[in-house]
Amino acid sequence: MDSEQAERPPIDIAVGILVDARQRLLIAQRRPGTPGAGFWEFPGGKREGDEPMADCLARELGEEIGVRDCVARPLIRFSHSKGERPVRLHVSRIDDWQGDVAGLEGQQLAWVSREALRDYRLLPATDVILNAFDLPARYAITPAHSATDTDSWWRSFRTLLSSGSMMLRLRDQGLDDAAYERLAADVVEAAHAHGVRVLVDRSVDLCRAVGADGLHWPVARLIDKGRPDDLDPAGLVAVSAHTHSDLAMAARRGADFAVLSPVAATTTHPGAAPLGWDGWAAARADHALPVYALGGLGPDDMATAQRHNGQGVAAIRGFWPAG
């Protein structure tokens, strides 16, 4: 794509991920003679004029696949320039609707399990949508094990694992690599027994040794090293970001998701100026990766984070149970 095309304003497109009772996702094949012909995509279409995006989604799904009264939950909004011109995708998940699904415009449809999507030729940037689809709303970060009574830490950790869907980052800068690896092995074993994925802060070798599900690095480390080639293909790479440019670089260097902080003042970083929700939303913008809100937040802030195009909330004290 040339610079003139990239500078054109993006086309706003509503996208719906329909999920049936068997947890299959509906995809549609682009018809001959349309951009991206032959590729598969989630249903949706272009906004008309100043049409509200919720109305656009309802209209497009009615026209394309014959469903109505969709109960849609916003999932992610992001921009990309991987097609013929820039687009901004407004993606929602839909688990409830009325009407029988049909290809009303002659397009082929398929209900596909999440795992089987790899067998289909999907439109560019669908990986960003699937990252958001796969991630939970809660990203729990552990307080330092080395600075806490061990028994109390483990009691709180086990309570946390029993509290519902989440992903976990094991954070303890006070431990050397050997001690961190021993702790990580025990944490991963306990978390996996509850179906909870764990990201670690250290090397790819340590991640592999303890069976963790990915890495969480400072954004500067990702910028310096790039996404590690020797990470398991299913492994996640997350970064800690603080600015609009951090997120831009994270997306460019292959991060699967990011945390952006601080929304509010925190005791762990008392000198950091809070962004506030307006500042957080401005920095988050429409970068092509899911972003968690972090900094002085907890469960009560989840809806606010998602209204500001957040994947959800990341927190230490906000999620960590009292020992």
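Within the set Gly235, Gly211, Gly226, Gly195, the sole residue that is small (Gly, Ala, Ser), touching a His at 6+ places or on another chain (Cβ under 8 Å) and over 13 Å from Arg169 (Cα atoms) turns out to be Gly211.
Scoring Leu109 on the criteria (1) over 28 Å from Glu63 (Cβ atoms); (2) in contact with a Gly (Cβ under 6 Å, 6 or more places away or on another chain) leaves a single failure, condition (1).
The listed residues are Gly195, Gly164, and the only one of them that is over 20 Å from Ala305 (Cβ atoms) and not in a helix (DSSP H, G or I) turns out to be Gly195.
Of all residues in region 100-112, those that are at pLDDT 95 or above have Cβ atoms under 9 Å from Cβ atoms of residues that are of a type in the set (Phe, Trp, Tyr), 6 or more apart or on another chain, in Val101/Trp111; Gln108/Trp40; Ala110/Trp40; Ala110/Tyr120; Val112/Trp40; Val112/Tyr120. Cβ-Cβ distances below 8 Å connect the following pairs, each with a first residue in region 205-232 that is among the acidic types (Asp, Glu), a second residue that is part of a loop (DSSP other than H, G, I, E, B), and a separation of six or more residues or different chains: Asp213/Ala234; Asp213/Gly235. Just so you know, in region 276-323 the residues that are β-branched (Val, Ile, Thr) and under 17 Å from the mean Cα position of the chain (by Cα) include one that is farthest from Ser240 (Cα to Cα), and it is Thr304.
Here Asp300 clears all of (1) assigned by TED's automatic domain parsing to the domain that holds Met167; (2) surrounded by fewer than 18 Cβ atoms within 10 Å (Cβ to Cβ); (3) of a type outside the set (Lys, Arg); (4) assigned to a loop (DSSP other than H, G, I, E, B) except the condition numbered (4). Scanning region 101-112 for residues that are under 16 Å from Arg22 (Cα atoms) and part of a loop (DSSP other than H, G, I, E, B) yields one hit, Val101.
Output the number of the condition that Pro10 fails; it satisfies all remaining conditions of (1) of a type outside the set (D, E, K, R); (2) more than 21 Å from Gly310 (Cα to Cα); (3) touching a residue at least 60 places away in the same chain (Cβ under 8 Å). Single failed check for Pro10: (2). Only one of these is free of Cβ contacts under 8 Å to residues at least 12 places away in the same chain, among the acidic types (Asp, Glu) and either at positive phi or not in a strand (DSSP E or B) (or both): Asp278, Asp286. Name it. Going through Asp278, Asp286 in turn, just one is free of Cβ contacts under 8 Å to residues at least 12 places away in the same chain, among the acidic types (Asp, Glu) and either at positive phi or not in a strand (DSSP E or B) (or both): Asp278.
Residue-level check: of (1) in contact (Cβ under 8 Å) with a residue 40 or more places away in the chain; (2) surrounded by 19 or more Cβ atoms within 10 Å (Cβ to Cβ); (3) out of contact with any helix residue (DSSP H, G or I) (no Cβ under 7 Å at 6 or more places or on another chain), Arg155 misses just (2). Every listed requirement among (1) part of a loop (DSSP other than H, G, I, E, B); (2) touching a Leu at 6+ places or on another chain (Cβ under 6 Å); (3) not charged (D, E, K, R) is met by Cys207 save one, (1).
The values are calculated or read from the model by the stated rules, or taken from the named source; none is laboratory data. These numbers were taken from a predicted model, which means no experiment stands behind them. Here the Cβ is made from the backbone with ideal geometry for all residues, glycine too, and neighbour counts use every protein chain on show.
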